[in-house]
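Trainee: Sharing a structure here in structure tokens format.
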Amino acid sequence: MSQPGYAIVDVDEEVCESLPRLAVVLIVRSLLHLTPYDSFPRRSVGERYDGSSFQQFGVQKYEYRDTFLTTDPAPQRPHSPGSRRDAPDVPFSPFNLAYYQSYFDVDTSTVFKRVGLAMIPRDGFIAEVCDGQIDLYGPFWTLTTLILFLYTTSTLTASITQYLSAPDSHASSNLPLLSTAFSVVYIYGLLVPTLLWGATKWLGVGEWGAAEALGLYGYAMGIFVPVSILCLIPVGILRWVLVGASAFSSGYFLIRNIYSVLASADNNMSRLLIIIVGVLHAAMALAMKVLFFSYAVAGVIVGPDPIGNPIGNPE
């Protein structure tokens, strides 16, 4: 007598005791033509199988369902390729690469999604968008990409400006501008958030880590990458509007997310830090406009920056 998906096989107990259990199972399974390996019953050392359950000598009895004779589908694995993996529990050490591995365990689509959502001023970026686990690959990639775009677009703008002002002249490169972009972007995107985090730790306000501070600043700078391309348009007022709008959007994003961290602290210094964050961000945007989106040829100003006039018709 059997039930659907089950079978009852009588095996002499003396045979079970004399032969290894695995051999008996293999013989029965070969007769029934069953192959799924995951349905094998497993036992530990010191246990005896009595045909329907595992019994541990003198300790306790474990209830067991005889699933190795069932035709039911095997249970699904809990892990999926798209599931988020938790950060490994690795002790902090500045020389331990395994500690930093979890901060770079992110794919390209996730980085692009976070960069795009960072352009929308909203709070809760780390908790909602990043699922509480910020990465450092995206911020570092964003800052490095911004450096390359600033140098490339500013050099191209200088070439266009020189051609329109003096068609017979040859454009010259400005390699020091690359080091300037490197210094401005990395100092603001890496050093400033690190100092901000250190100030909050010293004042005892805000429960966040250095990775969260670096992540917020890095993703906030992503909006300047498309703006650097749009600033190729030779209209002065449009450049000011683009840089101003991007500075307001990214600055508001920083203030909202940093304020949510410092709001719980009843300390006047936390409000002062918020003001400093806004002032430094405005200064960075102004420096970026003057250094990389001004009307200059190889670092030399060839005329006043027209407000709404084309490059070829300065006032």
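Trainee: The conditions are (1) hydrophobic (A, V, I, L, M, F, W, C); (2) without any contact (Cβ under 8 Å) to a residue 60 or more places away in the chain; (3) in a loop (DSSP other than H, G, I, E, B), and residue 232 fails exactly one of them. Which is it?
Mentor: Just one mismatch for residue 232, condition (2).
Trainee: For the range 250-260, how many residues meet the condition of being surrounded by fewer than 20 Cβ atoms within 10 Å (Cβ to Cβ) and either in contact (Cβ under 8 Å) with a residue 60 or more places away in the chain or not in a helix (DSSP H, G or I) (or both)?
Mentor: 4
Here's the yes/no breakdown for (1) surrounded by 21 or more Cβ atoms within 10 Å (Cβ to Cβ); (2) within 17 Å of residue 250 (Cα to Cα):
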| site | (1), (2) |
| --- | --- |
| 153 | no, no |
| 162 | no, no |
| 165 | no, no |
| 189 | yes, yes |
| 215 | yes, yes |
| 219 | yes, yes |
| 226 | no, yes |
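Trainee: Do any residues in the range 204-221 that are among the acidic types (Asp, Glu) have Cβ atoms under 7 Å from those of residues that are surrounded by 19 or more Cβ atoms within 10 Å (Cβ to Cβ), where the two are at least six apart or on different chains, and which pairs are they?
Mentor: 212/126; 212/134
Trainee: Are there any pairs with C-beta distances below 6 angstrom linking a residue in the range 141-160 that is farther than 27 Å from residue 110 by Cα to a residue that is assigned to a helix (DSSP H, G or I) and at pLDDT below 90, with the two at least 6 apart or on different chains, and if so which?
Mentor: 154/292
Trainee: Name the residue that is surrounded by the fewest Cβ atoms within 10 Å (Cβ to Cβ), counting only residues in the range 239-249 that are of a type outside the set (Phe, Trp, Tyr) and in contact (Cβ under 8 Å) with a residue 40 or more places away in the chain.
Mentor: Filtering first and then ranking leaves 244.
Trainee: Among the residues of the range 191-213, write down those that are buried (at least 17 other Cβ atoms within 10 Å of the Cβ), outside any helix (DSSP H, G or I) and under 24 Å from the mean Cα position of the chain (by Cα).
Mentor: 206, 208
Trainee: Among the residues of the range 121-178, how many are within 17 Å of residue 291 (Cα to Cα), in a helix (DSSP H, G or I) and over 27 Å from the mean Cα position of the chain (by Cα)?
Mentor: 11
Trainee: Hey, could you check the range 94-135 for residues that are acidic (Asp, Glu), under 21 Å from residue 256 (Cβ atoms) and in contact (Cβ under 8 Å) with a residue 12 or more places away in the chain and say which is surrounded by the fewest Cβ atoms within 10 Å (Cβ to Cβ)?
Mentor: This residue is 131.
Trainee: Of the numbered conditions (1) assigned to a loop (DSSP other than H, G, I, E, B); (2) at pLDDT 90 or above, residue 246 satisfies every one except a single condition; which is it?
Mentor: (1)
The values are calculated or read from the model by the stated rules, or taken from the named source; none is laboratory data. Values in this document were obtained by computation on a predicted structure and should not be read as measured data. Please note: Cβ atoms are built from the backbone with ideal geometry, for glycine as well, and neighbour counts cover all protein chains shown.
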